[in-house]
Structures are given as C-alpha cells and as structure tokens.
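Engineer: Structure provided below as structure tokens; questions to follow.
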Amino acid sequence: MSNEPDDPRSEWDPLGWELEGPADQSSNLPVPRAVEVVASIPPDDPPYRSRNPAVTMLVASVLLAVFGLVGIGIGVGSIFFNQDTPPPEVVVISGPQVVSAPSGQPPTIQAPLVVPPADQVPSEQSTESVVPVDPVVEVARAVIPSVVLIEAVATEEQIAEFPDLDLPELGPEGEMPPESELEPPEELPEGLEDRPLIVGQGSGIIYDVSGHILTNAHVVGEAEEVRVQFADGTRAEGIVVGSAPAIDVALVKVDADIALTPAVFADRSTVEVGQLAVAVGSPFGLQQSVTSGIVSAVGRAVREGTGESAFVEMIQTDAPINPGNSGGALANRFGQVIGMNTLIQTDGSIVGNIGLGFAIPSDIALNIAQRILAGESTELGFLGVSGTDPEMGQPGALVIEVHDDTPADRAGLMAGDLIVLIDDEVVSTFTELAAKVQFRAPGTEVELGVVRDGEPITLTVVIGSLPVEEPEE
C-alpha cells in the first residue's frame, strides 16, 4: 500500500527535515519519493547488551582474593613440612690424585677426591656475617703445614777448604753485627765452635709421616746432613737419604718426635693451562711465603740438574718464585701439590723472578723418591739417537742418526723415522722425546709409534743406560 504525505511539514517526517515556516516555502524544495513500508525481519541473534562495570569489578576482586588465599596456604604449608629438611650442600670434586701413604708404603694414585663443605648451622649465621674465603687462603691453610725450610750443613771436606775462617759473634737471634764491629775475635765464643756451617738453603715438602722430605738436589748439594725447620717453628736435624742430581730431586729424613703433615700430591694429568697455581716456600729464608699465579704451560721440556743434566717435562708458572723457593710446593686450588718448584729463567741481568718459573711435576719427583727408598738406580734412560724437530708437516722427533749398538739400533730404528708416540704419550719435539726417555729407568720396555715413509709402524725398545765416558789418558 502506498502512503504519501500530504505536507512535508506533517507529523510524518521520514527525512527529518523538521521544517518551520509557512507551507508555501516548501514549493522550492524537492518532493521526496514515495516510500513503501514493508514488514521488518528480526535478526537471528539477540541484540548485545553491555555488562554492568560494577559487576565485572566485583567478579575480578573475588577471583583475586581466592588466588591470594591459595598462594598463602601453599607457602605456609611448604614452610611447615620442610622445616626439618637440611639445606643443599655443595661439594668440590677434584681430579685423580696421588696421596702420601703410611710409613713404608709409596704414595699411590687414588680416585677423584671429594671434599665436603664444613659443617655449618644456617640458623646460627646471618647473611651479613658470611664472608667468602679467597681460594688462595684455603690453599695456603692446607699446604703450609707440609712445607719446611731446609739448610744444608757443610761436610768436613767443605769445612777443610776454609781453615782460616773467622766467624763474627752473632746476636741473640742469630743476626749479624754492624760492619763496624766485624773484627775477627781471637777465639770463638763458647758454643759457637759447635754451630754448623750452612752451605745451602731452600725448601722441602713432607713426603710421609716417617720424616722423609722431598727437595731439590741442588738445595742439599754434596751435604750429608741438613737442618729442618717446620711450619710451627720446630727445628730438627736430618740426613740426606739420596739424590738424583741429573733430574734435581733429593730425599732427606728427620727423626723428630713430632706429628708431621704429609702433603697430598696430584698427578700431572690433572694439571691444565690457566688453572690456579700457588707457590709455598722460603725465598731468601723467609719461611712459609705464599705467592700465586696460574699454570702457564705443561710438559715444558727444560734441561735441568747438574752433571749428566737431563731434560725434564716441567710445569711452567708465573707465580713468583725466587732463590730459596727451590724444593717448595706448587699447589692447585684443592691444596694438592702438583709440582716441586725448581728453577726460574731470567734475562741475565735480573736475578729474581720475572714470571718464568718451573716446577718438577709431582709424579716425576715421587718416582725418583720411590727409587731412592727402594735402593734402585736413578740413572737416566738412554735410547741412542740424534735428531731434531721436523721443519714442516706432522710434529714429532725426527731421527737424524742411529748410533751403533744402542737400544735404538737393536730395535730397528732408522734415520728418517719420525717418532710420534712413546707408550701412547704424544711426542711433539725431539726435546720431549729426550725428557720422556731419560725419565724412564734403564731396562724399561717401551713401545714407540713411528712414521716411516708415510706409514705408521710400532717398534718395541728396551731403554738402556747412558754410556759412561772413559777419561782420556
């Protein structure tokens, strides 16, 4: 049905003109088209009605309150049920180690060491009073009781070299008088004639509870007797049991009736470049001095010792070492002795430390000590080759010449062979080969890994003794 308005100003105003004024003013306006009204179709979904904000806030508040109460309940419950549970403990695990054995038994390599933390009751300590301990402090506490001061006493032959020796009168603490008072007395003060003449000084490491002490051969020299001062100030007399001058290891023994603290030794296989290294000794007689640094290198072949000096695979460290440190301990962060401080390298103009110190690895020093105690020979091993390092290509020991009637000759080594292994130990240079061979006792059977004409082969060699040169007539 059509429904047309009679007047645009009528109550029916679909276009919302809302015109005012006389009716004749509409003559200039466009006439709206006819509109047909049809039945409307309601939507399928009910119309959206906005939620009351007050209701939303109320629901959120209730949920937050419920979750808060649940959390508080869980926290209180955990405190109640776990109040008797001990706090987690931290353990320090080290690598394999060599530990001093009881009297009569040599040190042996043990399984990895587990050091539990000290017993502490958390409730008795506040977090403000807990002060972290420096690792060097812990090492010093563990090692100092096992390091001693050694003084070598002159022999009768050495004293005989100084027949006109005049000794000054010493002070109450053994100090020298001023130079103005250094006048030779007509006769020695009472008791001074019995004072031993000291010809060498260094450090030592307690080997076992029987009183054996490791030190360097150059510390005792030709002395037969020594004086030892322990960490607590106790002094005792001792004797030199034996020495290996070529490798610079000696063993002394004291019979003091005191409780000794043998050192704990770690095998060199546990030593890594960059790890903490702590040196303990008596530089210039200053007993129990502690310095620290790192391990700068391992397996550094250095010519060492006196007489038939040998190459020794040493531990290099920048921990300050000075005269008097010889024979002292070089320890790792677990308080285990990894080496015996032996020598320093200088530029010729500086006598003291410049950051190039060397220590004999513990297992080498212990091996020599065990040979001395067993009455075995400490002479150097001998192979019988001359060689050098290869200029290019694979590292190893390049054989230049094989000497006649030597262990190398009998084993079938040839000039041009490249020795790369000895008993599965890698050989990188000719000096490393020399160090590994000289350390082995004569009569020891070893296997050499050799590269010949580009092909790997294995040769079995029995290490011999270094030939003794006959004096020229």
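Engineer: Could you compute how fast the range 362-403 diffuses translationally, taking Rh as the Kirkwood radius over C-alpha pairs and applying Stokes-Einstein at 20 °C with viscosity 1.002 mPa s? Give it in µm² per second.
Structural biologist: 163 µm²/s
Engineer: Count the net charge of all other residues whose Cβ sits under 9 Å from the Cβ of GLU447, scoring Lys and Arg as +1 and Asp and Glu as -1.
Structural biologist: Surrounding charge for GLU447 is -3.
Engineer: Multiply the residue gap between ILE239 and LEU276 by 0.36 nm, knock off their C-alpha separation, and tell me the result in nm, one decimal place.
Structural biologist: 9.9 nm
Engineer: Let me ask you something else. What FRET efficiency do you get for ILE457 and GLU138 if R0 is 56 Å and r is their Cβ-Cβ distance, rounded to the nearest 0.05?
Structural biologist: 0.65
Engineer: Then there's this: Which whole number in µm²/s is D for the range 406-469 by Stokes-Einstein, with the Kirkwood Rh taken over Cα pairs at 10 °C and 1.306 mPa s?
Structural biologist: 131 µm²/s
Engineer: Given labels modelled 7 Å from the Cα in the Cβ direction, how far is it in nm from GLU447 to LEU58?
Structural biologist: For GLU447 paired with LEU58, the spin-label model returns 8.9 nm.
Engineer: Let me ask another. Around ALA408, with a cut-off of 15 angstrom between Cβ atoms, what is the net charge of the other residues, counting Lys and Arg +1 and Asp and Glu -1?
Structural biologist: Residues close to ALA408 contribute a combined charge of -3.
Engineer: Can you compute the modelled spin-label distance between SER428 and ASP409, with each label point 7 Å from Cα toward Cβ, in nm?
Structural biologist: 3.3 nm
Engineer: Another one. Applying a 10 Å radius around every beta-carbon, put 293-300, 329-336, 273-280 in order of their mean neighbour count, most first.
Structural biologist: Highest-to-lowest ranking by the protection proxy: 329-336, 273-280, 293-300.
Engineer: Find how much the distance from SER377 to ASP255 grows on full extension, using 0.36 nm per residue of separation minus their present alpha carbon separation; answer in nm with one decimal.
Structural biologist: 41.4 nm
Engineer: A follow-up question, please. So between SER465 and MET392, what do we pick up on full extension, going 0.36 nm a residue minus the alpha carbon distance?
Structural biologist: In short, 23.1 nm is gained.
Engineer: Tell me which residues come under 5 Å, amide H to amide H, from VAL264 once H is placed; ignore anything under 5 positions away on its chain.
Structural biologist: Long-range HN contacts for VAL264: VAL337.
Engineer: If you plug each phi of the range 263-273 into the Karplus form 6.51 cos²θ - 1.76 cosθ + 1.60 with θ = phi - 60°, what whole-Hz ³J(HN,Hα) values come out, in order, with x for Gly and Pro?
Structural biologist: So the Karplus estimates, Gly and Pro as x, are 6, 9, 9, 10, 5, 5, 5, 8, 8, 10, 4 Hz.
Engineer: Right, here's the next one. Take the eigenvalues of the Cα gyration tensor for the range 221-303, scale each by 5, and report the square roots as semi-axes in whole Å, largest first.
Structural biologist: So the equivalent ellipsoid measures 27, 18, 13 Å along its semi-axes.
Every number here is computed from the coordinates shown, using simple stated rules; none is lab data. Because the structure is predicted, anything quoted here is derived from the model rather than measured. Using ideal geometry, Cβ is built from the backbone for each residue, glycine included, and neighbour counts are taken over all protein chains shown.
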